[in-house]
Every structure is written in structure tokens, then in C-alpha cells.
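The values are calculated or read from the model by the stated rules, or taken from the named source; none is laboratory data. Treat the numbers as computed from the prediction; the structure is a model and nothing was measured. Cβ placement follows ideal geometry from the backbone for every residue including glycine, while neighbour counts extend to all protein chains displayed.
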Amino acid sequence: MPVKILSCTIVGIDGIPVEVEVDVGSGLPGFGIVGLPDTAIRESKERVRSALRNSGASMPNRRITVNLAPADLRKEGASFDLPIALGIMACIGKIDYGSLNSCMIVGELSLSGDIRPIRGVLPMALAAQKYGCRELILPADNWDEAAIVEGLDLLPAAHLRDVITYLTAEKKLLKATRISAGTGTGELQWSLPPQPVFEEDFSEVSGQEHAKRAFEIAAAGGHNVLLSGPPGSGKTMLARRIPTIMPPLEKTEAIELTRIYSAAGLLATGKNVITVRPFRAPHHTASYAGLIGGGRNPRPGEVSLAHLGVLFLDELPEYRREVLEVLRQPLEDGVVTIARASSAITFPAKVMLVSAMNPCPCGYLGDALKPCVCTPFQIQKYRSRISGPLLDRIDLQVNVPRLPESELAALRSSETSSCIRQRVTDARVVQKNRYLEGVHSAYKWNAHLSSGEIRQYCQMSSAATALLQDAASRFALSARSYFKTIKVARTIADLGGMPNIEREHIAEALQYRSLAL
């Protein structure tokens, strides 16, 4: 009689339960796996055969058939090694099949029987919780990653022999829990790692107060930023200090980020949860699939890996235009949908885009100290690499001039990142309380407001309305630029603790659209 064991596969960043059906029957000896397995799964029969032999068990000299259901879903990875091995043992009566009920099992086997870590354990644990499983047997090196999930007993194992003896009731596996204090004997302990200490700080930056203010506004409201200035003016240095002023992650945000990195197999060794907002800086040679995501079995790209954090594109015009254009939809919707003939997979992509560029090919257009040597045609060709619609989606466009030598030599004390981060965090608390009054996401910030929500939450004084309407008429602002100005002004008002948008808030917001006016 076939044995069914619940396991899991990764599709996108989600765990999808898979039933591993194992049948050991009569006929010529053989080992077949069906159900749209990839190469790694088809090769599991060799790993399973050696792992069973080196764990004190024997492979039956009969016909073995393994089916991965649902059969029309493509599966990949080596996480089915352990359930296949246990299914064979259950079919020949070496372990109790009833002990496998309400239990999800995942893990890769080595030839010696060791259980190796796998990618995507957190999405699998979330799937087990949603499916109603009580226990999850998983590799010992992955247990702390899955320990974020509540209401699920984790049973980490280091060797196939440990799982066999556990299922035959000869001994118990070490049980992992989420108890932070008073942990009993024989239980592992999990707790949220502490916030890291940043090596860089805004206090190290001389001058550029206008750019620092723009970054504070951007971090508070989740707005996109473009820096333009000559080489060596500090654009990259400023951008790389943005993580130091970003607010700390909440637990739900940490789980969502960790789920993305776990599915992509990018969790560092010994790092069970993402505790810092990501800062991704892909090279300008990146393809559109690398930036947005893709592949035969789609994986998240840089824009999804920067979810709830910063995507930094240095030397923006050096990116291929078709690569930049694919950013327009994610910046607007906050998600990336990759459509294939068989399915469509959606990845989260709520990022704060930070980009930097020179004003011209030589970099010195408008510089007070060094003349520009570019022709008007070269300047136009260089700037045309960034389309108007993409530029229109960038809320804050800041000119970063080169500082004079006298200001660089002066060792003036500057505001620390911790002081700026406190104001940013306070402004985000104001936004969270405001938008949670309705049916809104906990991750909705001012930059994510729709037109209807702007009318509801962005009340402007008559003087502010008049100034914005005059600017819209004088500079021919698009509808998107018009509303983005209001959203930036809403963030400026939140930083100042003001309930409504005043004239000075609109005036400051308009200063940050100078490159598009």
C-alpha cells in the first residue's frame, strides 16, 4: 500500500505543500520518480540509496515508485530526499506510518546520511502552519530560521539515523522552541537578534545639508531620490549612509524579508532572520531579469531583495534604458508580477529607489570650479538615457554641488545618524497610526498613497493649495508630479509634527523637483 508523506516545495517565495507518495511493489527492481521533478530531485534516488545503507537500513530489492503530488506542479531542489527515504522505510515496515501524520518533513541527504540545510525553510514552515501541521522535521542547521513561526513544533535533525530512531519511538529529537527565558532541558532557544552597530554615520559628512534633509524626508516617507552632481561631490557616500537613518524593522516586516531571502537561498550562514532593512546596489551591467527577477522557475530580483529597504542605482544613465524602464511598474505598484505560460508569480517590491548621476558625460556641467567640455548633443544624449516617465516617478531630485576646499578642511560637528533616525521613526509612527485607522497595510507610507487617499489624508491650507496650483501651471506639472509633491509635503509636515500641509511644506517639496522642472 502506498505511503503518503507531506513535504513542501518553493514556488516564487511561497511554500507549496507536496504529498510524497511512495510505493514499494513487485516487479523488476527499479527506482522511478514522477510528478514533474527537476534534475536535483531525479538524482535523489542515488543519495537516498547510499544514505539508507550508511544509516543502518537497507534498500529493498523491489520496484520503488515515487509520485510528487500535485503532478502538474513543477518541483525543484533536494528537500524531498528525507521524505522519500522515510517513505521507503514506512513501506517496508521499518518505521510506524502513523507517526508521520500531521507532520511535514523536508531535508537534503548526503551519501553518509547527514541531513544538509536547504533553502526556503521559512516559507515551508509558514506553509506547514497554514496547512495545519503540528510538527516540522527539518535540518538542524535550519531550525533557527523556522523558529520565527509560532504554533509549530520544530524537530531539527542532523542525521537520517536520528529521524528513524525518533519515528520508531526509541528516542526523541531535540525540540526547538521560541521560549526566551526558563527554557527546559532538551529544548533549543530562539530570540530576535540585536540591532547591528553601523560603521558609517552622517556625522562624518561635511556640509551637504540640503542632501541630508532630502534623505531624512525620503526615509520618513519612503520616497524615491535622485542625486545629481559632479564626480567626488559625495553622492555615493551619502547614499550608503541611508541605512543608518532607516527605522528598525517590525517583526512582521522581518518575517516577510526573511521569507524572500530564504526562498532565494541568500540567508548568510548563522543568520536566521533579517534584522536590518536591505541596501542593494546592483552593478550597472545588471540585466532586467537580474533587476526584476525571472528565470525558468522565477526567483526574486534586486528590486524584491530590496523590499522594505533601499535599491541604490549608482551612475544611473550607465544602466541600459530597457533595464531602467522595467522599474516603472514596480515603483508604482510596489509588486513585481512575472508571467509565464503556466503561471504568474508575484514578488513584493516596496522599495525606496535611490539613484545618483552626473549632470553630463564629463560630469562638470554647472560646476563653479571646473568647466564642462561636453557639447549640447552629448549632454542631451546622456540625459535621454533616463526617460521622462521614470524621472517623473522620483519624488526628490537633489542637486549635490562640489564643496569648496575651505568647507572640506573645516572639522565642524554634524548631526549624528541616531538623531536623524529618531525623527524618521517618529514620523513613521505618525503615518502608521494614521493609515491603520482604515483598512490599510502596515507598510503603507506617504509615498504609497493613492489619489483618493491623498484627498482623505493630505489636507492643505488655502495658501498651500494656491502655491501648488501656481507651480503646476507655471512648470506644467504632470498629474503624477502634482500628487507626488503633495505626498512629499505630507512627509515634511509629519516631520514637523503638523496635522495639515502648510505653504512652507509645499514650497520645500517643490525645491526637490528641480531636475524635472
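Observations on the model:
- Enumerated helices (runs of 4 or more DSSP H) restricted to region 1-109, each holding at least 1 residues that are basic (K, R) and out of contact with any strand residue (DSSP E or B) (no Cβ under 9 Å at 6 or more places or on another chain): 44-53
- Only helices (runs of 4 or more DSSP H) whose full extent lies in region 265-375 are considered here, and the ones with at least 1 residues that are closer than 16 Å to N224 by Cα and either touching a Lys or Arg at 6+ places or on another chain (Cβ under 7 Å) or among the aliphatic types (A, V, I, L, M) (or both) are 302-305, 321-325, 328-333.
- Unique residue being under 28 Å from the mean Cα position of the chain (by Cα) and hydrophobic (A, V, I, L, M, F, W, C) when the list is L122, L82, L160: L122
- When N61 is tested against (1) touching a residue at least 60 places away in the same chain (Cβ under 8 Å); (2) more than 33 Å from the chain's Cα centre (by Cα), only condition (1) is not met.
- Applying the set (1) surrounded by fewer than 19 Cβ atoms within 10 Å (Cβ to Cβ); (2) under 24 Å from L111 (Cβ atoms); (3) in contact with a Pro (Cβ under 7 Å, 6 or more places away or on another chain) to R42 leaves exactly one unmet item: (3).
- Counted residues, region 261-291 - those being farther than 18 Å from E250 by Cα, surrounded by 15 or more Cβ atoms within 10 Å (Cβ to Cβ) and more than 12 Å from the chain's Cα centre (by Cα): 7
- Of the candidates A447, A442, the single residue that is farther than 15 Å from Q208 by Cα and modelled with pLDDT of 90 or more is A447.
- Residue match in region 120-128 (condition: outside any loop (DSSP other than H, G, I, E, B) and modelled with pLDDT under 90): no
- Test: G15 is outside the structural domain of R259 (by TED's automatic domain parsing) and out of contact with any Gly (no Cβ under 7 Å at 6 or more places or on another chain): no
- In region 482-517, the residues that are among the polar types (S, T, N, Q) and part of a helix (DSSP H, G or I): T485, T491, Q511
- S7 of a type in the set (S, T, N, Q) and surrounded by 18 or more Cβ atoms within 10 Å (Cβ to Cβ): yes
- All conditions in (1) surrounded by 18 or more Cβ atoms within 10 Å (Cβ to Cβ); (2) within 30 Å of G234 (Cβ to Cβ) hold for F347, with the sole exception of (2).
This table checks each residue for (1) without any contact (Cβ under 8 Å) to a residue 12 or more places away in the chain; (2) assigned by TED's automatic domain parsing to the domain that holds A158; (3) more than 16 Å from A157 (Cα to Cα); (4) surrounded by fewer than 23 Cβ atoms within 10 Å (Cβ to Cβ).
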| residue | (1), (2), (3), (4) |
| --- | --- |
| P37 | no, yes, yes, yes |
| A51 | no, yes, no, no |
| N101 | yes, yes, yes, yes |
| A127 | no, yes, yes, no |
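- Qualifying residues in region 321-341 (those that are of a type outside the set (A, V, I, L, M, F, W, C) and free of Cβ contacts under 8 Å to residues at least 24 places away in the same chain) - the one nearest to A289 (Cα to Cα): T337
- Test: residue in region 471-481 that is assigned to a helix (DSSP H, G or I), basic (K, R) and over 28 Å from the mean Cα position of the chain (by Cα): yes
- Taken over region 204-234, the criterion of being outside any loop (DSSP other than H, G, I, E, B) and under 29 Å from V273 (Cα atoms) is satisfied by F215, E216, I217, A218, A219, A220, G221, V225.
- Per this entry, L73 is not counted among residues that are at pLDDT 95 or above, surrounded by fewer than 18 Cβ atoms within 10 Å (Cβ to Cβ) and assigned by TED's automatic domain parsing to the domain that holds R161.
- Qualifying residue in region 313-321 (condition: within 33 Å of the chain's Cα centre (by Cα), surrounded by fewer than 22 Cβ atoms within 10 Å (Cβ to Cβ) and hydroxyl-bearing (S, T, Y)): no
- Residue check, I84 surrounded by 14 or more Cβ atoms within 10 Å (Cβ to Cβ), among the aliphatic types (A, V, I, L, M) and touching a residue at least 40 places away in the same chain (Cβ under 8 Å): yes
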